[in-house]
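First comes the structure, then the notes that go with it.
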Amino acid sequence: MRIGIGYDSHRFAEGRKLVLGGVEIPFDRGLLGHSDGDALCHAITDAIIGALGKGDIGKHFPDSDNKWKNASSVLMLKQILDLSSSEGFEIAWIDSVIITERPKLADYIDGMKQALSQAGVPSGRISIKAKTNERMGFAGREEGLAAQAVCLLVPKEK
Ligand code: MG
């Protein structure tokens with residue numbers, strides 16, 4: 001089996017949609033990024049890439065590639081899940097956490113799990129948590145938010 005860790009952060013910006021875990025969340029700002037800025041998807045994607053030993057998200061999806069400009073990050077995750085499958089692995093478990101002062105995310109967690117299962121994350125094999133940063137640091141000052149994920153891959157059942 002293989003384990004991987006992923007971390008991502010994005011700056012809040014006006015005039016952008018806030019998308020986390022493939023779900024659009026009502027808020028006065030969104031996340032700045034080449035893609036849709038979905039930090040949770042990026043952290044999970046990087047955790048899977050790490051478990052595969054295949055570099056990092058920037059290697060697979062460079063910001064110089066216009067294909068991913070404002071693209072849904074769920075599509076990046078799907079591409080990496082396909083890579084994982086072709087390497088002979090399946091997801092045993094993903095645990096993740098979003099660190100943000102606002103907005104409150106509890107009501108959107110189930111929707112995120114559903115959106116990620118549509119991307120190919122086996123349903124019932126992902127945990128998504130949300131917490132504040134106790135008003136400390138960049139997340140505490142609401143300059144942006146961060147996400148962390150770990151992923152355990154196991155050989156696919158034959
Ligand atoms: Mg990112």
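Worth pointing out:
- Sorted by Cβ neighbour density within 10 Å, fewest at the top, the residues Lys69, Lys54: Lys69, Lys54
- Note on Glu14 and Lys69: the model spin-label points, each 7 Å out from Cα along the C-beta direction, lie 2.4 nm apart.
- Mean residue ellipticity at 222 nm, helices only, the chain: -8500 deg cm²/dmol; runs of at least 4 DSSP H residues each add -39,500 (n - 2.57), and the sum is divided by the number of residues.
- Rg and Dmax, both from the Cα atoms of the chain and both in Å, are 14.8, 49.
Values in this text are rule-based calculations from the coordinates and carry no lab data. Computed from a predicted model, the values in this text were never measured in an experiment. Cβ coordinates were reconstructed from backbone atoms using ideal geometry, including for glycine residues, and neighbour counts include every protein chain displayed.
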